[in-house]
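Have a look at this one.
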Amino acid sequence: MAQVGIIMGSTSDWETMRHAAETLDALGVPHETRVVSAHRTPHRMVDYAENAAGRGIRVIVAGAGGAAHLPGMVAACTHLPVLGVPVESAALKGMDSLLSIVQMPGGVPVGTLAIGKAGAKNAGLLAAQILATCDALLAERIKAWRADQTASVPENPA
Ligand code: RP5
């Protein structure tokens, strides 16, 4: 059963959001992926947010670009932690996405990550780290993943 829900505003966001999914795959965290648009499929968005916890989802990773209202609107409709990924937009390079996601009003938090691939990857990692607070085996897998990352960094640039 999926523990993390990865949602995004458009299929065009998948190239970015797949990095969240791949990170969760590497850590053995069950997850699901859905296209859920705040603007084009608002009822699907509310339905997803209201029913995620009841289906066993424990963290939601939401990515969107431009007028990126999806993470905040989902956060407004669920008590689950929501991690927001600003997808890089063509016109404004994702600054619009970032500012749309990060400036939430007090009382409705969205944990906002970096723009683009790094943000998606870190959202996957952070979701796993949240789950690992009550999953000792997952915590060990995250430590091993970190050790591999450290070992992969060469001391010399060439
Ligand atoms: C947003 O509009 C999506 O999250 C996407 O980043 C952006 C562009 O969507 P498409 O026009 O490519 O479907 O809602």
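Under Stokes-Einstein, with the Kirkwood radius over Cα pairs standing in for Rh, what whole-number D in µm²/s applies to the chain at 4 °C and 1.567 mPa s?
83
Suppose only helical runs count, i.e. DSSP H with n ≥ 4. What mean residue ellipticity at 222 nm does that imply for the chain under -39500 (n - 2.57) per run, divided by all residues and rounded to the nearest 500 deg cm²/dmol?
-13500 deg cm²/dmol, from helical runs alone.
If amide hydrogens are placed 1.01 Å from N in the peptide plane, which non-local residues have theirs closer than 5 Å to the one on residue 61?
HN-HN under 5 Å from residue 61: 5, 6, 7, 83.
Which of 90, 48, 1 sits closest to the plus end of the dipole of the chain, meaning its Cα is farthest towards the positive end, when Lys and Arg get +1 and Asp and Glu get -1 on the C-beta?
Final value for the positive-end residue is 48.
Among residues other than residue 52 whose Cβ falls under 15 Å from its Cβ, what is the net charge (Lys/Arg +1, Asp/Glu -1)?
Its environment carries a net charge of +1.
Moving on to the next point. Label residue 135 and residue 102 with points 7 Å out from Cα along Cα→Cβ: what is the distance between them in nm?
Between residue 135 and residue 102, the label points sit 2.9 nm apart.
Taking the Cβ of residue 21 as the center, what net charge do the other residues with Cβ under 11 Å away carry, scoring Lys and Arg +1 and Asp and Glu -1?
Within the 11 Å Cβ shell, the charges total -1.
The numbers here are math on the coordinates, done by the rules we state, and not lab data. Fair warning: this is a prediction, and the values are worked out from it, not measured in the lab. Cβ sites come from the backbone with ideal geometry, for glycine too, and all protein chains shown count toward neighbours.
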